[in-house]
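The values are calculated or read from the model by the stated rules, or taken from the named source; none is laboratory data. Just so you know, these numbers come straight off a predicted model, no measurement behind them. Here the Cβ positions follow ideal geometry from the backbone for every residue, glycine too, while neighbour counts run over all protein chains shown. The accessibility values were calculated without ligands, DNA or RNA, using every heavy atom of the protein model including side chains. Shrake-Rupley method; radii C 1.70, N 1.55, O 1.52, S 1.80 Å.
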Amino acid sequence: MDLWDVLSQAAWVVSAALLIWIVKDAISVSQQYDEEFLMSSREGDE
Amino acid sequence: MSTTTGDSKQRISMLKVLNPFHIWALGVGIVLVGEFMGWNFSVAKGGAYGSLIACWVIGLLYTCVAMIDSEVTSTVAAAGGQYTQAKHIIGPLMAFNVGLYLVMAYTMLEAADALVVGDLMKSGAEALGHAGLDTKPFVVLTIAFLAWLNYRGVFTTLTLNFVITFVAFIAILVLFLAVEPANPGAVLKHKELLTDLPYGWIGVVASLQFGMWYYLGIEGTCQAAEEVRSAGRAIPLGTMGGMMTLLVAASLTWYICAGLMPWQYLGQAVTPLYDAGTLVGSTKLQLLLFVATAFAAIASANGCINDASRAWFSLGRDRYMPVFFGAIHPKYRTPYRSIIFLVPIAVSFAFTGLLDQVITFSILSGLLGYTFMSINIVKFRKMWPLGSIHRGYIHPFHPLPAITLLILCSATYFATFLGYGTSLLSILAFYIVASIWFSVRRYKFVKRADQFTMPWPRPKGY
């Protein structure tokens with residue numbers, strides 16, 4: 001296994017870690033906050 | 001974190017933290033990759049001079065787009081950009097279609113950019129002795145990292161875009177200086193390489209489609225309208241400044257490449273600016289152009305994620321799409337569900353590996369959007385004449401830019417039909433089917449009174 005194979009494997013691992021972090025955070029936000037609040041933005045609000 | 005309104009209900013909103021430099025970085029960032037690759041296919045259609053004509057004619061098309069967009073966005077300061085404009089000025093079906101054009105154009109461009117990053121990694125590995133590198137992990141990493149960055153906040157995302165876009169632009173300037181423009185014939189061989197139009201004027205018309213690569217995506221600046229400190233100032237400044245940067249970058253790119261490579265080679269080159277750097281014979285310059293090409297592709301993908309997610313978020317907020325997507329992250333203040341939703345779609349497009357088709361779909365979606373803008377501005381000026389509402393910017397010579405834009409869009413449709421007739425008809429069929437679905441199945445969920453938010457007077461004649 002040369003450097004490029006290691007880099008390919010690392011790219012998969014880092015991608016998975018980033019995507020898992022995003023999804024986990026999104027789920028935790030949905031659990032912590034009321035849906036009505038999360039979707040309460042109004043177009044052009046100051 | 002949230003604003004309190006008159007009815008004392010807590011509301012969340014996106015952060016207003018961006019300035020004109022971020023807007024410049026968003027617009028130029030999305031586009032500049034087109035200078036590093038893609039524009040040169042216009043050379044294959046119309047020769048070197050044909051490509052230069054396409055560069056300036058399409059430059060005029062985009063100047064009209066930038067002027068019209070700047071005026072309307074300086075009054076409609078909301079995420080969604082042209083979608084929100086269409087909703088207020090034309091009507092729901094047009095708005096739905098424009099929203100869809102935006103999401104498709106940017107998501108497909110993002111996929112194409114990620115494919116480019118993967119291909120660059122493969123070329124880099126080959127140059128260092130490792131043949132046959134699998135590009136997929138690097139394509140996914142590009143999309144995943146940029147989605148993560150976008151998820152965590154717009155300020156860092158577009159600040160990064162500013163830095164890497166600036167480096168990519170400087171690389172073009174450095175290459176221009178390296179080819180000794182003041183000393184014609186020393187490095188650049190325009191006299192020997194420039195020929196007559198190889199396919200006549202029909203070739204020039206055909207080259208218009210690929211001329212769009214020089215500027216495709218500059219209109220994305222108005223997606224940030226809800227996150228700038230002053231939309232009336234930042235959007236026109238960033239957009240028009242971006243357009244000037246691109247006109248300079250496009251002209252320099254053509255000048256350098258047309259003086260170094262014969263049109264037969266240039267018309268099919270994958271990375272013409274990198275090839276130009278290689279031909280100059282400096283390893284440092286070659287490395288700079290390699291890095292700049294990668295930066296331009298990453299900046300483009302980054303801006304596309306930003307724009308596609310804002311357009312999808314706006315469709316969700318108005319219930320044109322499931323309202324679930326209209327949520328804002330309470331800490332990072334980004335449309336986080338829209339960002340996540342578009343990740344697998346971008347990866348799927350990228351895994352098809354069909355760069356040509358993906359880009360054509362993106363270009364056609366953009367072109368449909370520009371056609372809408374020419375009609376939109378005429379209606380906007382008619383319904384709300386000058387003086388009836390506050391405009392941060394008023395574009396000159398109305399309705400000349402709108403008429404010019406419509407004529408140039410028609411010419412580009414014809415050019416696309418010559419090269420990609422089936423794709424053009426397929427995409428039109430796709431949007432017709434989507435429109436039927438929206439009218440029959442989706443529009444009943446839209447809260448009609450809630451979607452018109454601008455504090456404007458009643459339009460003239462209504």
*Roughly how large, in nm² to one decimal, is the mean projection of the convex hull of the alpha-carbon atoms in the stretch B:246-329?*
8.4
*How high is the FRET efficiency between B:SER282 and B:THR156 when r is their beta carbon distance and R₀ equals 56 Å, given to the nearest 0.05?*
0.95
_Normalised contact order of the stretch B:112-188, rounded percent, pairs of Cα under 8 Å and 6 or more residues apart_ = 19
*Using a Förster distance of 51 Å, how high is the FRET efficiency between B:SER348 and B:LYS382, based on the Cβ-Cβ distance and rounded to 0.05?*
0.75
*Which cross-chain or sequence-distant (5 or more) residues have an amide H under 5 Å from the amide H of B:GLN10, H modelled 1.01 Å from N in plane?*
none
*Only counting protein heavy atoms at a 1.4 Å probe, give the residues of the stretch B:112-133, ordered by number, whose accessible area falls by 40 Å² or more when the other protein chains are present relative to the chain alone.*
B:HIS130
*Using the heavy atoms of the protein chains alone and a 1.4 angstrom probe, what is the accessible area of the protein assembly as shown per residue in square angstrom?*
39
*Please arrange B:VAL440, B:VAL204, B:VAL167, A:VAL14 by accessible surface area, largest first, computed with a 1.4 Å probe and ligands excluded.*
B:VAL440, A:VAL14, B:VAL167, B:VAL204
*Mind checking A:19-27 for the average number of partner chain beta-carbons within 10 Å of each residue's beta-carbon?*
5
*Using only alpha carbons, build the gyration tensor for the stretch B:102-183 and give me the equivalent ellipsoid semi-axes, biggest first, whole Å.*
26, 22, 12
*Probe 1.4 Å, all protein chains in place: accessible area of A:ASP34 in Å², nearest 10?*
90
*For the stretch B:230-382, just the Cα atoms, rotate onto the principal axes and tell me the three extents in Å, largest first.*
55, 42, 31
*Global form of chain B, assessed from the alpha-carbon gyration tensor, a/c cut-off 1.5*: prolate
*Which whole-number percent gives the relative contact order of the stretch B:17-442, counting Cα pairs below 8 Å spaced six or more residues apart?*
35
*Per-pair calculated FRET efficiency, R0 = 22 Å: B:TYR265 and B:HIS190 via Cβ, rounded to 0.05*: 0.90
*Evaluate the distance, in nm, between pseudo-label points positioned 7 Å from the Cα of A:SER28 and of B:PHE445 along their respective Cα→Cβ axes.*
2.9
*Can you give the helix-only mean residue ellipticity at 222 nm for the protein assembly as shown, where every DSSP H stretch with n ≥ 4 adds -39500 (n - 2.57) and the sum goes over all residues, rounded to the nearest 500 deg cm²/dmol?*
-23000 deg cm²/dmol
*What average number of partner chain Cβ atoms lie no more than 10 Å from the Cβ of the residues making up B:337-343?*
2
*Shielding score for B:321-327, defined as the mean number of other chain Cβ atoms within 10 Å*: 3
*How would B:ARG441, A:ARG42 line up by accessible area, probe 1.4 Å, largest first?*
B:ARG441, A:ARG42
*In Å², nearest 100, what accessible area do chains B and A bury in total when the solvent probe is 1.4 Å?*
3300
*Can you sort B:GLU71, B:GLU192 by 1.4 Å-probe accessible area, starting with the largest?*
B:GLU192, B:GLU71
*Once you sort the root eigenvalues of the Cα gyration tensor of the protein assembly as shown as a ≥ b ≥ c, which label holds: rounded (a/c under 1.5), prolate (a/b larger than b/c) or oblate (the other case)?*
oblate
*asked:* Suppose we keep just the alpha-carbon trace of the stretch B:131-255; what are its Rg and Dmax in angstrom?
replied: 19.4, 52
